[in-house]
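The structure appears below as structure tokens.
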Amino acid sequence: MHRQHPLALAAPAGDSDWLERSVLDASTRRALLSINLAFLDLAVELAEEGRLKQIGGLPSRAIDALIDPQAGTRLCEQLPYALFDLRFGDGSFWTAEIAAAGGVQDAACLPATDERIVAFTRSAVMVMWHLAQTHTAGARLVFGASPATIAAVAAMPVAAVERLSRRVAGALAARFSSRTRFWLQFEGCAAQPDAGRVDSLRRLGLQIQGAESARGQSLQRRHRRIVA
């Protein structure tokens, strides 16, 4: 695969490390590290209570392998993408949810969700909102967000974040949840997070994201041809 594909960005030819660092500034990397660690902490807490199924597609073995308390940090420091997903690639979903959150809503009508998941989702939405406002390329790399999602979130008033977070909390899932190889490799990294294993996981995630982004762009072009 061409090295530009994993980022799905029009970038100069070169090493993928250079491309990642050119897209993610220090502030974005710190925010990504923090939100990924918060996700793993949440997953560990839910797993200990036998409630890990509240996070869709996250294998329990991958979380059980995080025995070393520093393993999560050593992993997340090297990853240029989020380990979780909130259907950021689905622009229609986000457009509809943001529109609904902007209306008069009775919170009691929303599905009951663990408050810890809601709190985490709120933090994730705020990171996404910030990137959508200031760093769209970062939003695409970090969250795999579609252009429609980025546009919808960027236009969203920050006052809608609380209601929106409750609406989308039930969508929280593991990133690349259908890619068994990714989470098997994550499990190996969690058990033994040496530099070589972590770098392989980083590259695998970029390859998967690149393939998914290319497929999404192909579908969009096909849709535009049909509409035309």
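The values are calculated or read from the model by the stated rules, or taken from the named source; none is laboratory data. Here the structure is a predicted model, which means the values were calculated and not measured. Counting neighbours? That spans all protein chains shown, and the Cβs are built from the backbone with ideal geometry, glycine included.
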**Request:** Could you please give the count of residues in the stretch 159-195 that are surrounded by fewer than 21 Cβ atoms within 10 Å (Cβ to Cβ) and outside any helix (DSSP H, G or I)?
**Result:** 6
**Request:** Can you give me the number of residues within the stretch 148-161 that are at pLDDT below 95 and farther than 12 Å from Ala99 by Cα?
**Result:** 2
**Request:** Give the stretch 91-134 a look and list any residue that's at pLDDT 95 or above and of a type in the set (Ser, Thr, Tyr), or say none.
**Result:** Ser92, Thr95, Thr121, Ser123
**Asked** When the residues of the stretch 113-148 are filtered to those that are under 15 Å from the mean Cα position of the chain (by Cα) and basic (Lys, Arg), which remaining residue is surrounded by the most Cβ atoms within 10 Å (Cβ to Cβ)?
**Response** Arg140
**Message:** Here are the criteria: (1) under 16 Å from Phe143 (Cα atoms); (2) touching a helix residue (DSSP H, G or I) at 6+ places or on another chain (Cβ under 7 Å); (3) not hydrophobic (A, V, I, L, M, F, W, C). Tell me which single one Asp85 does not satisfy.
**Reply:** (2)
**Prompt:** When the residues of the stretch 198-219 are filtered to those that are over 17 Å from Pro59 (Cβ atoms) and surrounded by 18 or more Cβ atoms within 10 Å (Cβ to Cβ), which remaining residue is modelled with the lowest pLDDT?
**Reply:** Ser213
